[in-house]
Amino acid sequence: MAGKFELKKSKSNKYFFSLLASNGQTILGSEMYEAKASALNGIESVKSNAADDSRYARLNGKDGSPYFTLKAGNGQVIGNSQMYSSEASRDNGIASCKTNAPGAATDDQT
């Protein structure tokens with residue numbers, strides 16, 4: 001099974017997506033979007049930017065936990081990872097994003 005994007009609608013009627021690895025684990029989550037078309041554009045942006053290592057910001061949370069963000073060419077964050085237990089785990093998450101995102105299908109659950 002390949003990675004996929006899951007597009008969902010929140011209880012507040014906003015749209016969001018998650019990129020899932022082939023094992024079903026969430027790699028990347030989006031912001032909330034007012035319009036479905038905007039969320040779909042966000043998915044396309046992740047697909048087109050995921051392979052470019054310079055688009056990733058390798059960060060640490062307030063508690064020191066490593067995580068990453070993926071940015072579009074204009075510098076806007078288009079996805080955030082979970083918190084990881086180590087920098088190596090975070091780097092594996094980035095590698096998974098690079099591998100899974102470009103060709104991932106979209107599972108529209110809205």
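Readers should treat all values here as calculations from the given coordinates under stated rules, not as data from a laboratory. Everything numeric in this text was worked out from a predicted model, so none of it was measured. Please note: Cβ atoms are built from the backbone with ideal geometry, for glycine as well, and neighbour counts cover all protein chains shown.
The table that follows gives values for the structure above.
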| quantity | calculated |
| --- | --- |
| Part-to-part distance (alpha-carbon centres) for the stretch 53-73 and the stretch 21-49, which is given in Å | 16 Å |
| Derived scalar couplings ³J(HN,Hα) [the stretch 52-64; Karplus, 6.51 cos²θ - 1.76 cosθ + 1.60; whole Hz; x for Gly, Pro] | 8, 4, 5, 7, 9, 9, 9, 10, 10, x, 4, 8, x |
| Sites Q25 and S86, calculated FRET efficiency, Cβ-Cβ separation with R0 22 Å, nearest 0.05 | 0.90 |
| Cut-off under 5 Å, modelled amide H: who pairs with E31 long-range | none |
| The stretch 36-110: trypsin sites (Lys or Arg not before Pro) in DSSP coil with no more than 11 other Cβ atoms inside 10 Å | K62 |
| Cα-projected label distance for D63 with A2, points at 7 Å along beta-carbon direction, nm | 3.6 nm |
| Residues with amide H under 5 Å from that of G3, placed H, sequence gap 5 or more | S22 |
| Listed values [x] 0.95; [y] 1.68; [z] 1.00, entry calculated as Rg/Rh (Cα atoms, Kirkwood Rh) | [x] |
| Near-label residues of the stretch 78-110 by backbone N, under 19 Å of a point 7 Å along Cα→Cβ of N13 | 109-110 |
